[in-house]
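**Student:** First, the structure itself, so that you have it in front of you.
Only the coordinates and a few stated rules stand behind these numbers; no lab work does. Predicted model, so just to flag it, every value in this text is computed and none were measured. Quick reminder, even Gly has a Cβ in these numbers, built from the backbone with ideal geometry, and neighbours come from all protein chains shown.
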Amino acid sequence: MRRLPGMPGGMGDLSKLMESAKKMQDDAAKLQNDLPNMRIEANAGGGMVSVTVNGLGHLVGIKINPSVADPADVELLEDLIITAAKDASTRASTEQESRMKEITGPLDGLNLPPGLLG
């Protein structure tokens, strides 16, 4: 029987690999379903502006302290919103990557070609 390169053992190992692959696929699908319901918050201006995004990085909420809503300085408010939104989006992306690494962790030692998993 021929073995896959870099794979010790025989059919038992292949069976374990297939089971692991199925679990990873199920976990990845669950993560994709969970991301829209996740909430990640970031603040700017010492909490004067708070932005919430979902796990996909899509904006789902903004809270603005009324004291920062100065009609004479709209640019400050705009900058605070942009800063908080960028931070929240970055946090969402980091969370996605972290959770995906948890799922694909068992594949780390297999030396798979880059991009094979997405």
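**Student:** Could you give the length gained by full extension between residue 65 and residue 97, i.e. 0.36 nm per residue of separation minus their alpha carbon distance, to one decimal place?
**Tutor:** Numbers: separation 32, 0.36 × 32 = 11.52 nm, distance 3.18 nm.
Answer, rounded to one decimal: 8.3 nm.
**Student:** Mind ranking 61-68, 79-86, 48-55 by how tightly packed they are, going by the mean number of other C-beta atoms within 10 angstrom, highest first? Show your work: numbers first, answer last.
**Tutor:** Working: 61-68: 12.4, 79-86: 17.6, 48-55: 20.6.
In decreasing order of mean packing, 61-68, 79-86, 48-55 become 48-55, 79-86, 61-68.
**Student:** Between residue 31 and residue 82, take the C-beta separation as r, use R0 = 35 Å, and let me know the FRET efficiency to the nearest 0.05. Don't skip to the answer; put the middle values down first.
**Tutor:** Values: r = 28 Å, r/R0 = 0.80.
For R0 = 35 Å, the calculated efficiency reads 0.80.
**Student:** Count the lysine pairs in the range 11-105 that are 8 or more places apart or on different chains: how many have C-alpha atoms under 19 angstrom apart? Could you put the intermediate results ahead of the total?
**Tutor:** Values: 22/30; 22/101; 23/101; 30/101; 63/86.
Lysine pairs meeting both conditions in the range 11-105 amount to 5.
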